[in-house]
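The values are calculated or read from the model by the stated rules, or taken from the named source; none is laboratory data. Values in this document were obtained by computation on a predicted structure and should not be read as measured data. Reconstructed Cβ throughout: ideal geometry from the backbone, glycine too, with neighbour counts over all protein chains shown.
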Amino acid sequence: MTSVVSPEWVLKVNQLGKIFGNLSENGLALTGPEIGSSKDPATGAIVAAWDVSFEVAAGEALGVVGESGSGKSTVMRCIAGDQSSSAGSVQIRTSPDEQIDVLSLTPSERRQLRIDKIAVVYQDPAEGLDLNVTAGGNIASPLTAAGWRNFSSIRSRASELLLRTEVPLNRMDDVVKSFSGGMKQRVQLAKALANRPPIVLLDEPTTGLDASVAAGVLDLIRGLLEEFGLAAVVVSHDFSVIEMLTNRCIVLNHGRVVESALTDQLLEDPHHPYSQKLVSAARA
Amino acid sequence: MNNAEHVVLDVRNLRKHFVLHTIDSRIVEALNGVSLKVSAGEHVALAGTSGAGKSSLLKSIYRTYKPSSGAVFLKLDDDSFVDLVSLTDSELATLRGTQIGYVSQFLRAQPRRSTFEIVTKAGIQRGMDSDTAKQAAAYSLQRLNLDEALWDVSASMLSGGEKQRVNLAAGTISPPRLLLLDEPVSALDPLNRESALELIGTLTDQGVAVLAVFHDMDAMERLASRVIVLRNGVVDYEGSPMETLARLEGVAR
């Protein structure tokens, strides 16, 4: 029975937790899905995420679903290092002899990690881009941070990326704030992929876009994930996004994982009461 | 025929019940302990009235439904057996792509992806390189008479019968070890139905283990080596197509 191989993880999140405020002694028992709250009644501390574990392999996309406030983005931010975490570990392994314990890195090592190992695409382009800088300039920033010095090779790499993400090259020298929402997301994707990171975190990447524009961005993301064999984590409250991009999912409710499943199984046979409520609301 | 050495699928006492938390935690029992075996090169047809558990059984084997208890052993390349019920999600995802074909009339086509791409991608998942997969996809689609003009059209634009042929082509691009079919020809016109049935027959001859649900008895009679009749989520009786179908038709009259 050992001949089935589980793909090797590139990103491993183990018992990750994030608490805002001071938790009382029984704070964990007094919060969570059974209680229906993430707020510690004694101290008012918020258990934004607790005991969140999952692994993602190269070429695989994991979905993180849940209502707003369920802890999806907190988990994402803790992995990306935008936020400190209170418990657990995050490890990345990009080759057999290189394993990095993300949470024990110094701030400057973490910044380095964001340059060429973990890329993040945010719902709000203002978080991922400098809107007052040109598209080309935005892409040049991770490249120069990674040590690129030659102006013309940076230009040519930037145009290659913009071409791939379907941004017209004649917009390369325009400031990003003059771009439409969909185009900004494409520039964010180009910037995220600049140094060919093995891991990409996508936080509601198409939320807020017009349906037709969202469809185009979604198709682009699907193509990029396949082409580069990325290990991806996709946070979304939209099941059509999850269904299209991922084959496995976790469901978060009040900061805890209430179910993990294959995506088709989650949609057809959700087990946890909360998952059933989510799916039936989305499919009605 | 049901030679123990050639058993590919061995389902043991499979149970599936749903707890509907949104409706007073009502429990719906779909499978109440199904056991059956399918050998390489054998086509087993599932019969029974609607609600008997035919589709639930296929979905529970493929694990679109997570079984409540029991085991689903699948034979692998090295002749060892693995229990699909107890695999992790990522192990199962890998195994599905490489070993199991599942074709359902209800499979939803991926949005905005061309027909040819869908079938080619299924081939790549089965371990083909991109050029081989493209050739195999072209061959599969031709064999199912899907007009070449439709190959670069997004599958969601196709008619029901065309979509079903795309699903069939993707599920059978290279012979899987196990092929699960849920009414695979229900939306097809007579001519296309004929090519699809022919394809399924050929795959069985090539050694694929087939477990299928068909609406029409004619297809069952033609393709099945054995018919298993389900009732209330258990195996009621089984036999050759001739005897079981006669019995089923007797009931129908």
Exercise. Evaluate the following for A:GLY44: is it in a loop (DSSP other than H, G, I, E, B) and under 23 Å from the mean Cα position of the chain (by Cα)?
Key: no
Quiz item: Quick one: in the range B:27-46, which of the residues that are within 24 Å of A:PRO270 (Cα to Cα) and of a type in the set (Val, Ile, Thr) is farthest from the other protein chains (Cβ to nearest Cβ)?
Solution: B:VAL34
Self-check item: Hits in the range B:103-142 - residues which are among the charged types (D, E, K, R) and in contact with a Leu (Cβ under 6 Å, 6 or more places away or on another chain)
Solution: none
Quiz item: Among (1) in contact with a helix residue (DSSP H, G or I) (Cβ under 7 Å, 6 or more places away or on another chain); (2) surrounded by fewer than 23 Cβ atoms within 10 Å (Cβ to Cβ), where does A:HIS271 come up short?
Solution: (1)
Exercise. Pick out the one residue from A:PHE239, A:PHE228 that is over 23 Å from A:LEU16 (Cβ atoms), modelled with pLDDT under 95 and more than 13 Å from chain B (Cβ to nearest Cβ).
Key: A:PHE228
Quiz item: When you go through (1) more than 30 Å from B:PRO67 (Cα to Cα); (2) at pLDDT 90 or above; (3) not basic (Lys, Arg) one by one for B:GLY101, which number turns out not to apply?
Solution: (1)
Quiz item: Residues of the range A:115-136 being out of contact with any Pro (no Cβ under 9 Å at 6 or more places or on another chain) and crowded, with 17+ Cβ neighbours inside 10 Å, which ones?
Solution: A:VAL120, A:PRO125, A:GLY128, A:LEU129, A:THR134, A:ALA135, A:GLY136
Practice problem: Residues that are away from chain A (no Cβ under 12 Å) and of a type in the set (Ser, Thr, Tyr): find the strands (runs of 3 or more DSSP E) completely inside the range B:47-133 holding 1 or more of those. | Solution: B:69-75
Quiz prompt | Flag for A:LEU220 being farther than 20 Å from A:THR74 by Cβ, within 12 Å of another protein chain (Cβ to nearest Cβ), surrounded by fewer than 23 Cβ atoms within 10 Å (Cβ to Cβ) and at pLDDT below 95 | solution = yes
Quiz item: Of the numbered conditions (1) in a loop (DSSP other than H, G, I, E, B); (2) in contact with a strand residue (DSSP E or B) (Cβ under 6 Å, 6 or more places away or on another chain); (3) among the small types (Gly, Ala, Ser), A:ALA194 satisfies every one except a single condition; which is it?
Solution: (2)
